[in-house]
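Chemist: Take a look at the following structure, please.
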Amino acid sequence: MKLLKTYLKPFAALVLACILLLFGQAMCDLTLPNLMSDIVNTGIQLGGVDEAAPAVLNQQAGDLLALFMNDAEAGTFKNAYTPVEHGSDEETKLAKTYENIKDMDAVALSEDADVQAVGDAYGKAAYAFMTFLKDYGAQTGQAVDTESGVQDMDMRQLYAVIPMLQQMPKETFSEAIDSAENAQSMIGSQVGATFTKLFYKELGVDLDAKQVRYIVIKGLEMLGIALLGVLAAVLVGFFASRISSGVAKQMRSDVFRKVESFSNTEFDKFSTASLITRTTNDVTQVQMLISMGLRLMCYAPIMGVGGIIFALQKSVSLSWIIALAVIVLLGLVIVLLNVAMPKFKSLQRLTDRLNLVSRENLSGMLVVRAFTNEKFEEARFDKANEDLTRTNRFTQRVMSITMPIMMLIMNLVTLLIMWVGGHAIAESTMQVGDMMAYIQYTMQIIAAFLMISLISVMLPRASVSAGRIQEILDTEPAVREPETPADFDPAQGSVTIVTQAIGASTRKICSLDAGDAFADFAGPLGHPSEFVTMQPGELRRRHYLFVAGGVGTAPVYPQVKWLREHGVAADVIIGAKTRDMLIYTNAMRAVAENLYIATDDGSEGFKGLVTQVVEELVEKQGRHYDECVAIGPMVMMKFVALTTKKYGLRTTVSLNALMVDGTGMC
């Protein structure tokens, strides 16, 4: 929207910071299910063994597994491990973790080994060995429990059969090796982790401490990432509140200033009740949209897309569930928008109507009572109130039904994932932790659509409010501000005027280049300054204070210049909202005795109001002035007069009166 783009431009840096923080928050939220999956899969199911291949193992264990690898994999596996010499520093160092390493010939994984290739070969060999044991047990009538019995195997008995296995033909193990080749890599890694625990137990590793250490480390990572996400969310909320409040403040100020310039023509077009609603309720709707939009509108797409990507990384086979959920949610949002949008668009119009009726009843109360018309007015109010209540009730019911439907979809999707995922776990194609993470990602995707639906409900009403505010700001007042004569040069025969571009005519004047001309130029029509009628001697005995605000600096300048030319000292205070709105500062500095600048934001000079500068000069510095001349906005002149009144300082202000024919001011 054009309105939002205009008012958000000064906050571009904060908006960008919010978007970056939202990306960070989303990444934190999307990382947590992965860490939870690691805790369940590795920390609980695999006992904290996260190595693809053992870092250290018995030489005999390596020889045993090498029998169940093809030649290439066996070469890769054996070359990756180097013997640990007895009595070496390396053995002493490893003995702190592997307490029984001195009682056997051990090998350690080299630092430059291809861990991925070694892990793949190790996992396949472990699975092939398990398959061989299962088939061998079936042939000999000695059943082998490959699910839990492996952990209780006596390694010495296994090592004792290595010579016999080495004498067997390679074809004996080919069926088991082929089965491992065709198996899921995840199955091989799980079986490999089981054998790793068996080998570590043989080496004297404290497996319980290893498991606890893994879970604690992952838990601390989750805690740290969660805290980062909370910090990002708090900062986004803080910045979003600052941005929305700043935009609303400036918007209300601009609407109020615009309404102040309206004539009866504009008040006939916009009722007072409508102007009140546009200045208050409409601005509030836009403020809420900015605040919620920065926190939800930007966050929801990141979470939705990120959730889909992370979920597909966990399992592609369950992607159809996400697709089904997304289709259902999109249909729900579309239906919601089609049903609720017309009602939301009419809310502001109905609010205008209620304000109008209430204002007319209050302002015309005596007349209504005089004509005993209370029943009619009560009926008018009841109708306006009932229309607004009925529409609000409908929109609130639509909003309230959204959450139960979303929760129903969320629970149904969870059940479906657990049903399909349970079968995948039984077939060893999915792990429990991955299914839990998949459920979390699906919930995040659904939550993203819930956020989008909430914003979609707010958007129509805020859009209408923004359009109503824009209508006020784009309205050209029928009575235009006059051009202000600021200087003249008799030698060149020129007159300098200052024009504020607020209407079509003034914008046209501001677009004129050197050499262009007016068709007509009349004026000034106001009362001339009293300085020109005073005696020069009397003037020089007086000390003047000029207070100029905004465009009022233009008519102040020629008066101060004239006084300077006649040897009269004058102090000048110039006030503006920001440095960019100051005019004639250099020219005024050249003719004023002392120049003081006050800006609302402190971008130049004193930070504050011109009245504070007056108090500083008169009350604290003890300056004496015979007269104060204030020219600027009506509010400024009012409070300057109230301030100087405390000190008994005579004050003259410049008032703009409407001309009889309504064509301008004089």
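Chemist: Could you go through the stretch 85-102 in sequence order and give the Karplus-derived ³J(HN,Hα) for each residue, using 6.51 cos²θ - 1.76 cosθ + 1.60 with θ = phi - 60°, rounded to whole Hz, and x for Gly and Pro?
Modeler: Computed from phi, the couplings for the stretch 85-102 are 6, 5, x, 7, 4, 4, 5, 4, 5, 6, 5, 5, 9, 9, 5, 9, 5, 6 Hz.
Chemist: Here's another thing I want to ask about it. How about Lys78: which aspartates and glutamates have a C-alpha closer than 18 Å to its C-alpha, ignoring those fewer than 8 places off in the same chain?
Modeler: Once the sequence-local aspartates and glutamates are set aside, what remains near Lys78 is Glu51, Asp63, Asp105, Glu111, Asp112, Asp114, Asp120.
Chemist: Let me ask something additional. Which angle between 0 and 90 degrees, to the nearest 10, do you get for helix 553-565 versus the longest principal axis of the chain when only C-alpha atoms count?
Modeler: Roughly 50 degrees, rounded to the nearest 10.
Chemist: Let me ask another. Spelling out what I want: for every residue of the stretch 265-280, take phi, set θ = phi - 60°, compute 6.51 cos²θ - 1.76 cosθ + 1.60 (Karplus), and round to whole Hz; glycine and proline get x.
Modeler: Working through the residues one at a time gives 4, 5, 5, 6, 7, 10, 5, 4, 4, 5, 5, 5, 4, 5, 6, 10 Hz.
Chemist: Relative contact order (percent) for the stretch 218-361, with alpha-carbon contacts under 8 angstrom and 6 or more residues of separation? Each step should come with its number before you reach the end.
Modeler: Values: 48 pairs, mean separation 51.1, N = 144.
Relative contact order for the stretch 218-361 comes out at 36 percent.
Chemist: So what's the angle, to the nearest 10 degrees on a 0 to 90 scale, between helix 283-292 and the longest Cα principal axis of the chain?
Modeler: 20
Chemist: Going from most exposed to least, what order do Phe267, Phe376, Phe262 have by accessible area with a 1.4 Å probe?
Modeler: Highest to lowest solvent-accessible surface, that is Phe376, Phe267, Phe262.
Chemist: Could you please put Ile243, Ile401, Ile302 in sequence from largest to smallest accessible area, using a 1.4 Å probe? Mind dumping the intermediate values first?
Modeler: Numbers: Ile243 0, Ile401 95, Ile302 30 Å².
Sorted descending by solvent-accessible area, the residues read Ile401, Ile302, Ile243.
Chemist: Follow-up question, since we're still on this one. Where the accessible area of the chain is counted over protein heavy atoms with a 1.4 Å probe, how much of it, in %, is carbon and sulfur?
Modeler: Values: 20950 of 35760 Å².
It is 59 percent, rounded to a whole number.
Chemist: Related question: To the nearest 10 square angstrom, how much accessible area does Asp474 have with a 1.4 angstrom probe?
Modeler: Probe radius 1.4 Å; accessible area of Asp474 about 90 Å².
Chemist: Find out how many positive minus negative residues lie around Gly204, taking Lys and Arg as positive, Asp and Glu as negative, among other residues whose Cβ is under 14 Å from that of Gly204. If you can, show how the numbers build up before the last one.
Modeler: Numbers: positive: Lys96, Lys102, Lys197, Lys201, Lys210; negative: Glu91, Glu99, Asp103, Glu202, Asp206, Asp208.
Around Gly204, the surrounding residues sum to -1.
Chemist: On to the next question. Straight-line reach only, C-alpha to C-alpha below 22 angstrom: list the lysines that Lys96 could link to, leaving out same-chain residues fewer than 8 apart.
Modeler: Filter leaves Lys197, Lys201, Lys210.
Chemist: Rank Thr82, Ala113, Ser346 by how far each Cα sits towards the positive end of the charge dipole of the chain (+1 on Lys, Arg Cβ; -1 on Asp, Glu Cβ) and give me just the farthest.
Modeler: Checking the options against the dipole of the chain, the answer is Ser346.
Chemist: Here's another thing I want to ask about it. Leaving ligands, DNA and RNA out of it, rank Trp419, Trp562, Trp320 by accessible area with a 1.4 Å probe, largest first.
Modeler: Working: Trp419 175, Trp562 70, Trp320 120 Å².
Heavy-atom accessible area, descending, gives Trp419, Trp320, Trp562.
Chemist: Using a 1.4 Å probe, how large is the accessible area of Tyr647, given in Å² and rounded to the nearest 10?
Modeler: Here the residue's solvent-accessible area equals roughly 70 Å².
Chemist: Can you give the % of DSSP beta bridges in the chain that are antiparallel, to the nearest 5? Could the numbers behind the result be given before it?
Modeler: On the way: 12 of 34 bridges.
The answer is about 35 percent antiparallel.
Chemist: Right, another one. Apply the Karplus curve 6.51 cos²θ - 1.76 cosθ + 1.60, θ = phi - 60°, to the phi angles in the stretch 44-61 and return the couplings in whole Hz, x for Gly and Pro.
Modeler: 9, 6, 9, x, x, 7, 10, 7, 5, 9, x, 6, 9, 8, 5, 4, 5, 5
Chemist: Follow-up. Among (i) 86, 62, 55; (ii) 77, 60, 58; (iii) 130, 70, 50, which one is Cα extents along the principal axes in Å computed from these coordinates?
Modeler: The listed entry that was calculated here is (iii).
Chemist: Let me ask something else about it. Let me spell out the model: positive unit charges on the Cβ of Lys and Arg, negative unit charges on the Cβ of Asp and Glu, origin at the Cα centre of the stretch 188-259. What dipole size does that give, in debye rounded to 20? Write out the running numbers ahead of the final one.
Modeler: Values: 10 positive and 5 negative charges, 129 e Å.
I would put it at about 620 debye.
Chemist: While we're here: From Cα pairs below 8 angstrom and at least 6 apart in sequence, can you work out the relative contact order of the stretch 169-301, rounded to a whole percent?
Modeler: Working: 33 pairs, mean separation 38.1, N = 133.
Averaging sequence separation for qualifying contacts and normalising by length gives 29 percent for the stretch 169-301.
Chemist: So, one more: Between exposed GluC sites (Glu not before Pro) in the chain, where DSSP calls loop and at most 11 other Cβ atoms lie within 10 Å, what's the longest gap?
Modeler: Values: sites that count: Glu85, Glu111, Glu147, Glu427.
In the chain, the maximal stretch lacking such sites is 148-426.
Chemist: How high is the relative contact order of the chain, in percent, counting Cα pairs under 8 Å that sit 6 or more residues apart?
Modeler: The normalised contact order for the chain reaches 14 percent.
Chemist: Further question: How much of the DSSP beta bridge set in the stretch 546-666 is antiparallel, as a percent to the nearest 5? Spell out each step's value before the answer.
Modeler: Numbers: 1 of 19 bridges.
Percent antiparallel among DSSP bridges in the stretch 546-666 is about 5.
Chemist: Now a separate question. Just the accessible area per residue of the chain, please: how many Å² with a 1.4 Å probe? Mind dumping the intermediate values first?
Modeler: Details: 35760 Å² over 666 residues.
Ligands and nucleic acids excluded, the result is 54 Å² per residue.
Chemist: Another question, then. Not counting ligands, DNA or RNA, and with a 1.4 Å probe, what is His86's accessible surface area in Å² rounded to the nearest 10?
Modeler: Around 100 Å² of this residue is reachable by solvent.
Chemist: Highest mean first, how do 251-259, 55-63 rank when packing is the count of other Cβ atoms within 10 Å averaged over residues? Before the final figure, lay out each step's value.
Modeler: Values: 251-259: 16.7, 55-63: 19.4.
Going from most to least packed, we get 55-63, 251-259.
The values are calculated or read from the model by the stated rules, or taken from the named source; none is laboratory data. Because the structure is predicted, anything quoted here is derived from the model rather than measured. Cβ coordinates were reconstructed from backbone atoms using ideal geometry, including for glycine residues, and neighbour counts include every protein chain displayed. Note: accessible area is taken over every heavy atom of the protein model, side chains too, but ligands, DNA and RNA are not part of it. Shrake-Rupley method; radii C 1.70, N 1.55, O 1.52, S 1.80 Å.
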